[in-house]
1. Hey, among the residues in the range 109-129 that are among the β-branched types (Val, Ile, Thr) and assigned to a helix (DSSP H, G or I), which one's surrounded by the most Cβ atoms within 10 Å (Cβ to Cβ)?
2. Does the range 245-267 contain any residue that is without any contact (Cβ under 8 Å) to a residue 60 or more places away in the chain, within 16 Å of the ligand (Cβ to nearest atom) and surrounded by 19 or more Cβ atoms within 10 Å (Cβ to Cβ)?
3. What number of residues within the range 18-42 are hydroxyl-bearing (Ser, Thr, Tyr) and either within 7 Å of the ligand (Cβ to nearest atom) or surrounded by 24 or more Cβ atoms within 10 Å (Cβ to Cβ) (or both)?
4. Condition first: within 19 Å of GLU273 (Cβ to Cβ) and of a type in the set (D, E, K, R). Now tell me which residues in the range 195-252 satisfy that.
5. Please go through (1) in a loop (DSSP other than H, G, I, E, B); (2) under 21 Å from GLU90 (Cβ atoms) for MET19 and return the number of the only condition it doesn't satisfy.
6. Taking ALA205 as the residue in question, decide whether it is part of a loop (DSSP other than H, G, I, E, B), away from the ligand (no atom under 16 Å from the Cβ) and under 29 Å from ILE107 (Cα atoms).
7. Scanning the range 93-108 for residues that are over 14 Å from the mean Cα position of the chain (by Cα) and within 18 Å of VAL9 (Cβ to Cβ), which turns out nearest to the ligand (Cβ to nearest atom)?
8. Would you check if there is a residue in the range 233-241 being more than 16 Å from the ligand (Cβ to nearest atom) and either modelled with pLDDT of 95 or more or touching an Asp or Glu at 6+ places or on another chain (Cβ under 8 Å) (or both)?
Amino acid sequence: MTEATHPVVEETADGIESMETRGAATIAKAVADAVETVARESSASSTDAYLEELYSAMATLHDTRPTAVTLPNTLRIIHRALPSDESDLETLQTATIEAATSVQDEIDAAQTELGTYGANRLRDGDTVMVHCHSTAVVSCIETATDQGKSLEVIVKETRPRYQGHVTASDLADTGVAMTYIVDSAAHRYLDTVDHVFVGADAICADGSVVNKIGTAGLAVSATARDVPLTVAASTYKMDPGTLDGSPVEIEYRDPTEVLDPETQESIGNPRIENPAFDVTPPKYIDALVTERGLLAPEGVHTIMTDRFGDGPAIPWTEPSR
Ligand code: RI2
């Protein structure tokens, strides 16, 4: 018998799809929270019915946004923590709840830890350019200001969703001096910048980084200006699906995020494309700051194999029980 989907699954999935819930770490925590609620409030009367309900919830959550790998990694980590096939229903539910809670705690702890490593790269008086909104990057800047460093931050607008607004709001509380620029002004301002800091949605086995559209161009410009680019991202962002050389799927979002249909029509009805992410090759990345410390792009493969080394398969899509 198929269990009805818990309303929290639909609410969480809708929130992620509409980007009301956004940012790789925030998405991961929302997914873990939804799984925890499903486990806590399940009325399944057998192990089989419970697992059917759980996997159906995981499949719905998984299919919301394709690029941020924290989403499948979170589901993978929770699934791995479940006990064997022979377990009774209560043991399975308790294990799901514990795993979902602990993954949320680990994500929070990782943000704090990587924030320190990122902050250690910044010196008093530095100017940092940031792109999009990343909780990991905000953690680095907040920690640096807590260390007593005075920073200036250049915030890129980040069309079409204007995540620069979220970054500016977050940083307003830190007391850093902020300058807000349109995306196309980045190159001009890089000659006054000491560091570029960006987040990540996925880290590939070859050390390349998938992040908000515009990151790759910014990285090329930063390299041309000898400005080091730091990627702030926990190891949850490592995508084991890339271990076999497969690329990360890039999300294309609705064209109306770029132009409303009336304006599109009025300028001759051009086709609109709206890729949400791009890929920055490792040669443009100075370092990654993770909760395990500073990492060169060349070091990603080793840590990815250690962390998620059993290959690209996502276990819950083919449950072993
Ligand atoms: P944290 C965002 O994607 C940006 O690309 C950002 O760099 C990345 O998530 C990482 O976010 P979107 O959800 O995990 O705005 O650092 O499309 O918060």
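1. Going through the range 109-129, the residues among the β-branched types (Val, Ile, Thr) turn out to be 112, 116, 127-128.
The next check asks that each one be assigned to a helix (DSSP H, G or I); those that pass are 112, 116.
Working: THR112: 12, THR116: 17.
For the range 109-129, the residue satisfying everything is THR116.
2. no
3. So the first thing to find is which residues in the range 18-42 are hydroxyl-bearing (Ser, Thr, Tyr), and the list is 18, 21, 26, 37, 42.
With either within 7 Å of the ligand (Cβ to nearest atom) or surrounded by 24 or more Cβ atoms within 10 Å (Cβ to Cβ) (or both) added as a condition, the list becomes 26.
Residues in the range 18-42 being hydroxyl-bearing (Ser, Thr, Tyr) and either within 7 Å of the ligand (Cβ to nearest atom) or surrounded by 24 or more Cβ atoms within 10 Å (Cβ to Cβ) (or both): 1 in total.
4. Of everything in the range 195-252, those that are within 19 Å of GLU273 (Cβ to Cβ) and of a type in the set (D, E, K, R) turn out to be ASP201, LYS212, GLU249, GLU251.
5. With respect to (1) in a loop (DSSP other than H, G, I, E, B); (2) under 21 Å from GLU90 (Cβ atoms), MET19 is out only on (2).
6. Criteria met by ALA205.
7. Going through the range 93-108, the residues over 14 Å from the mean Cα position of the chain (by Cα) turn out to be 93-103, 105-106.
Those still in the list that are within 18 Å of VAL9 (Cβ to Cβ) too: 93, 96-97, 99-101, 103.
Details: GLN93: 29, THR96: 23, ILE97: 24, ALA99: 20, ALA100: 18, THR101: 19, VAL103: 14 Å.
Filtering first and then ranking leaves VAL103.
8. Keep residues of the range 233-241 that are more than 16 Å from the ligand (Cβ to nearest atom), which gives 240-241.
Next, from what is left, pick out any that are either modelled with pLDDT of 95 or more or touching an Asp or Glu at 6+ places or on another chain (Cβ under 8 Å) (or both): 240.
Yes, there is a match, as at least one residue in the range 233-241 is more than 16 Å from the ligand (Cβ to nearest atom) and either modelled with pLDDT of 95 or more or touching an Asp or Glu at 6+ places or on another chain (Cβ under 8 Å) (or both).
The values are calculated or read from the model by the stated rules, or taken from the named source; none is laboratory data. Just so we're clear, the structure is a prediction, and the values are computed from it rather than from any experiment. Here the Cβ is made from the backbone with ideal geometry for all residues, glycine too, and neighbour counts use every protein chain on show.
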